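Chemist: Please find one structure pasted underneath; my questions will follow.
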Amino acid sequence: MNLSILYRGPLSSCNYACDYCPFAKRTETSAELAHDRECLSRFVAWVEGRTADTIGVLFTPWGEALVRSWYQNAFAALTQLPHIRKAAIQTNLSCKLDWVENCDKSKLALWCTFHPGETTRERFLAKCRELLTRGVRFSVGVVGLKEHLAEIEALRAELPAEVYLWVNAFKRELGYYSPEMLEQLKNLDPLFPLNNRYHTSRGESCRAGSGVVSVDGDGTVRRCHFVKEPIGNIYSADFESCLSERPCPNETCGCHIGYVHLDRLKLYDTFGGGILERIPLGYR
Ligand code: SF4
Ligand code: SF4
């Protein structure tokens, strides 16, 4: 079986304070952190045991996980497994990066979000340069807020052309972007128009639930992060029986980690092996 897993454990805290985010500067008790650590350890042990499968993992934590040693150690363990094809994570890139040397870097990838206001462009770019020096694959992106447009343009200009920069559209306000801004954003991220819409998905065929699933800290399996109904549990003996093709029950799908699996959009042709870390073919 070739399976991609989007893992989101109970961790829900962050060292940054983005004003649109519920996890801004949220802290957790040592008991809550210990629980997250136990859940992750159980998940890694489960992956280690699936030697007959080929598995890719994208960690999509609530908050920031890479400042926690147990996530860094999980990457070292997962990337060394012969049956892991990729281990990737969404991160604000604020952590130290020495831990990547314990990983098989050919299987490691980072999905890095720049948060202007929480760090400086210089500091963020220094981390990007360190990733390049250390030989780690990564994508870089920003939420496309109007007030950050100049920063996004400067970031694009300073990154090597072979590093993909994505822009997540701000879709909470209808007509938020002027036609000129839409053009500017498309020049920065050729795939921006795809992100700047909600894709009709009800009844459509989507790999979520068959080739890719969402898993939480208890092992509960959902087809994706956007369809709340559980379909199984990875810790059940008959786990695989929950994997099947099903039409999407939601009206639309508006988030990259969801619509990238919608068959109609054929985005596996665009991203190839970089599907989990959001790196299209042709980039580093
Ligand atoms: S870095 Fe991410 S998780 Fe942390 S506050 Fe900002 S948006 Fe939220
Ligand atoms: S189209 Fe989106 S919401 Fe529907 S099943 Fe796929 S990932 Fe989930």
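The values are calculated or read from the model by the stated rules, or taken from the named source; none is laboratory data. Given the structure is predicted, the values throughout are model-derived calculations rather than measurements. SASA here: full protein model, heavy atoms, side chains in, ligands and nucleic acids out. Shrake-Rupley method; radii C 1.70, N 1.55, O 1.52, S 1.80 Å.
Chemist: Taking every eigenvalue of the Cα gyration tensor of segment 205-270, multiplying by 5 and rooting it, what semi-axes result, largest first, whole Å?
Modeler: Here the semi-axes work out to 21, 12, 10 Å.
Chemist: If you don't mind, another one. From the C-alpha coordinates alone, can you work out the Kirkwood hydrodynamic radius of segment 69-218, in Å?
Modeler: 17.4
Chemist: On to the next question. Work out how much length Lys266 to Ser236 would gain on full extension: take 0.36 nm times their residue separation and subtract the Cα-Cα distance, in nm to one decimal.
Modeler: Taking Lys266 through Ser236 to full extension adds about 7.6 nm, to one decimal.
Chemist: A further question on this structure: Can you put Leu6, Leu243 in order of accessible area, largest first, using a 1.4 Å probe?
Modeler: Leu243, Leu6
Chemist: Over 23 Å apart: what share of the alpha carbon pairs of segment 143-284 falls there, rounded to a whole percent?
Modeler: 45
Chemist: Sticking with this structure for a sec: Who wins for biggest fluctuation among Gly144, Gly117, Gly232 in a Gaussian network model of the chain, springs between alpha carbons below 10 Å?
Modeler: For the chain, modelled as a Gaussian network with Cα springs under 10 Å, the answer is Gly117.
Chemist: Please find, in a Gaussian network model of the chain (springs between Cα atoms separated by less than 10 Å), the residue of Thr220, Thr113, Thr29 whose mean-square fluctuation is greatest.
Modeler: With Cα springs under 10 Å in the chain, the top fluctuation among Thr220, Thr113, Thr29 is at Thr29.
Chemist: What part of the accessible area of segment 2-274, given as a whole %, is carbon or sulfur when the probe is 1.4 angstrom?
Modeler: Result for segment 2-274: 51 percent of the exposed heavy-atom area is carbon or sulfur.
Chemist: As a test of the formula, what do you get for the chain when each DSSP H run with n ≥ 4 contributes -39,500 (n - 2.57) and the sum is divided by the residue count, at 222 nm and rounded to the nearest 500 deg cm²/dmol?
Modeler: Value at 222 nm, helices only, nearest 500: -8000 deg cm²/dmol.
Chemist: Give me the accessible area per residue for the chain, probe 1.4 Å, as a whole number in Å².
Modeler: Using a 1.4 Å probe on heavy atoms only, each residue of the chain averages 44 Å².
Chemist: Could you give the distance between the Cα centres of segment 40-99 and segment 246-264, to the whole Å?
Modeler: After rounding, the separation between the Cα centres reads 25 Å.
Chemist: Springs between alpha-carbon atoms under 10 Å, Gaussian network over the chain: tell me which of Arg85, Arg134, Arg223 tops the mean-square fluctuations.
Modeler: Arg134
Chemist: Related question: Write down the Kirkwood hydrodynamic radius of the chain, to one decimal in angstroms, obtained as one divided by the mean of 1/r over all alpha carbon pairs.
Modeler: Hydrodynamic radius (Kirkwood, Cα pairs) of the chain is 19.5 Å.
Chemist: Further, regarding this structure: Using Cα-only point scatterers and the Debye equation, what is log10 of I(q)/I(0) for segment 37-128 at each q in 0.13, 0.18, 0.24 Å⁻¹, rounded to two decimals?
Modeler: -0.44, -0.80, -1.29
Chemist: While we're here: Considering only lysines 8 or more places apart in sequence, or on different chains, count the pairs in segment 2-274 whose C-alpha atoms sit under 22 Å apart.
Modeler: Lysine pairs meeting the criterion: 17.
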